[in-house]
Amino acid sequence: MIYSQTYQSPMGPILITIDTHLNSLTELKFVKTSLPNSKQPPLIKKITKQLDEYFSKKRTIFDIPIHYNGTPFQNKVWEELLKIPYGNTLSYGDIAKKLGKPPLTSRAIGTANSKNKIAIIIPCHRVIRSNGKLSGYAGGIDKKIWLLNHENN
């Protein structure tokens with residue numbers, strides 16, 4: 001069964017979606033409006049608790065079962081993103097290098113980032129351009145800036 005609930009973050013509402021059969025988080029995305037919340041399955045409680053801890057600077061690593069369903073390349077990129085430590089950034093080229101791909105693959109890595117359905121936990125906000133500048137973020141560049149500042153202050 002698919003279950004969704006809205007979490008109120010300091011940046012606005014975030015939609016949490018889980019698959020109770022997989023007992024996994026399948027989506028965490030910024031939304032404009034909140035859903036009415038009803039009962040909370042145990043996994044939703046765990047996710048909201050860990051998000052509370054993250055936003056209050058008490059958690060730097062998430063311990064939540066996640067399920068993502070991308071192409072084999074996207075899955076490899078997302079697995080690499082999970083290795084970027086809290087408060088650090090890597091460039092798209094750095095990710096390409098870690099994957100053993102040529103630097104021109106950085107565009108494909110950017111595309112994979114844009115398809116990430118599990119914001120914050122799969123930290124695509126920690127990927128920047130090689131010149132240090134910020135580029136797009138599915139939740140909006142303002143949210144990327146907020147997350148990077150949150151992790152570095």
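Couple of notes before you dig in:
- Counted by Cβ distance under 11 Å from GLN40, the other residues give a net charge of +4, where Lys and Arg count +1 and Asp and Glu count -1.
- The helix-only estimate of mean residue ellipticity at 222 nm for the chain, built from DSSP H runs of length n ≥ 4 each weighted as -39500 (n - 2.57), is -10000 deg cm²/dmol after division by the residue total.
- Per residue, the solvent-accessible area of the stretch 12-153 (1.4 Å probe, heavy atoms of protein chains only, all protein chains present) comes to 55 Å².
- Split the accessible area of the chain by element, probe 1.4 Å, and carbon with sulfur accounts for 53%.
- Solvent-accessible ranking of TYR68, TYR137, largest area first, probe 1.4 Å: TYR68, TYR137
- Order of exposure, largest accessible area first, which applies to HIS21, HIS150 with probe 1.4 Å: HIS21, HIS150
- Cβ-defined net charge surrounding LEU51, 15 Å radius [Lys, Arg +1; Asp, Glu -1]: +3
- The stretch 20-58 and the stretch 124-153 have Cα centres spaced 22 Å apart.
- From phi via Karplus (6.51, -1.76, 1.60), per-residue ³J(HN,Hα) for the stretch 104-114 in Hz, x at Gly/Pro: 5, 5, 4, 5, 5, 5, x, 5, 4, 4, 5
- For LEU99, net neighbour charge (Lys/Arg +1, Asp/Glu -1) across residues whose Cβ lies under 14 Å away: +3
The values are calculated or read from the model by the stated rules, or taken from the named source; none is laboratory data. This is a predicted model, so every value here is computed, not measured. For neighbour counting, all protein chains shown are included, and Cβ atoms are generated from backbone atoms with ideal geometry for every residue, glycine included. What goes into the accessible areas is simple: the full protein's heavy atoms, side chains included, and nothing from ligands, DNA or RNA. Shrake-Rupley method; radii C 1.70, N 1.55, O 1.52, S 1.80 Å.
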